[in-house]
Amino acid sequence: MIPKLAAGETIVAVAHTERSSRHDLEDVTTTAKRDGDHFILEGEKSVVLGGDTADWLIVSARLSGSRRDRDGIGLFLVDAKAEGVSRRGYPMQDLLRGAEISLASVRVPAAQQIGDLAVLERARDETIAALCAEAVGAMEALVALTVDYMKQRKQFGVAISVFQALQHRAVDMYVALEQARSLAIFAALSAADDDEAARGKAMALAKAGVGKALHFVGQQAIQLHGGIAMTMEYKAGHYFKRLTMIDAMFGNADHHRRRLAA
């Protein structure tokens, strides 16, 4: 399957989040019960990125234990067109697509159990590093767009870029961007760490810091542009929508601050 993934011939989506789980990976109520050479999967998954167009789903399900136990969670490769799988897709705020997925007595060969919670945690951490880098790119574009607009927009007969108060706000945006850039580099360097605790702490630190920065940069960009930033025709608003969604994915800034505090 991996060559087909690399060639773009096969699409796989990760179906893990549930309506009550928020950002806790170990909060899983979907069940997988052994039945001879198969497992029977029952449950519901929410906000599955690309889930409505995927050919295969990687589904987390509980083999044993209670709802929030770290042990007893397996990952299963499920044919998205298998009997008992139903999907409802919808557009999200950043124009990507999500899906609600129901699993009703879905039979999966035992050989298609492909991992456990540790695999999912590593994938989450590597994804957080990638999202931090994407956020820095979007913030960089927003800062450049805003400064260029300030040099062109005139008020009282002069460009608004000459007003010192607005210059200070633009500088604050740049400082937040550079702080986020350092955190994104730190996350990228930490993504391959085999020490799960150290890797998780690094990702929580990066996601919390980048999340704080992206809200500040995005909000300042919208305010400094004025009404034009709120229109669908102008790209500032689209950058900010994507940044807001990045903050929400795999735990927002508040969630990761709580992880660090714990």
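List of remarks:
- Subset of Lys45/Lys212; Lys81/Lys201; Lys81/Lys207; Lys33/Lys212; Lys4/Lys212; Lys151/Lys241 violating a 31 Å alpha-carbon distance limit: Lys81/Lys201; Lys81/Lys207; Lys33/Lys212; Lys4/Lys212
- Length added when fully stretched, Asp116-Thr10, from 0.36 nm per residue minus Cα-Cα: 35.9 nm
- The simple Förster model, with R0 at 30 Å and r as the Cβ-Cβ distance, assigns Glu42 and Thr127 a FRET efficiency of 0.65.
- Histogram of C-alpha separations across the chain, 5 Å bin width, %: 1, 6, 11, 14, 15, 14, 12, 9, 6, 4, 3, 2, 1, 0, 0, 0
- Residue with peak Gaussian network fluctuation, the chain [Cα springs, cutoff 10 Å], from Lys45, Lys207, Lys154: Lys154
- For the chain, the longest principal axis of the Cα atoms and the long axis of helix 196-225 meet at an angle of about 40 degrees.
- Difference of contour (0.36 nm per residue) and Cα-Cα distance, Ala188 to Leu260: 24.1 nm
- Estimated distance in nm for a label pair at Asp24 and Glu233, the labels positioned 7 Å out from Cα along Cα-to-Cβ: 4.8 nm
- D (Stokes-Einstein, µm²/s), Kirkwood Cα radius, the range 113-246, 1.306 mPa s at 10 °C: 99 µm²/s
- Peptides 79-90, 95-106 ordered by average Cβ neighbours within 10 Å, highest first: 95-106, 79-90
- Within the range 42-70, backbone nitrogen closer than 20 Å to the virtual label 7 Å beyond the Cα of Ala141 toward Cβ: 50
- Gaussian network model of the chain, Cα within-10 Å springs - most flexible of Met249, Met232, Met139: Met232
Every read-out reported here was derived from the displayed coordinates using simple, explicitly stated rules and does not represent laboratory data. No experiment lies behind these values; they were computed from the predicted model shown. Every residue, glycine among them, receives a Cβ derived from its backbone with ideal geometry; neighbour counts consider all protein chains shown.
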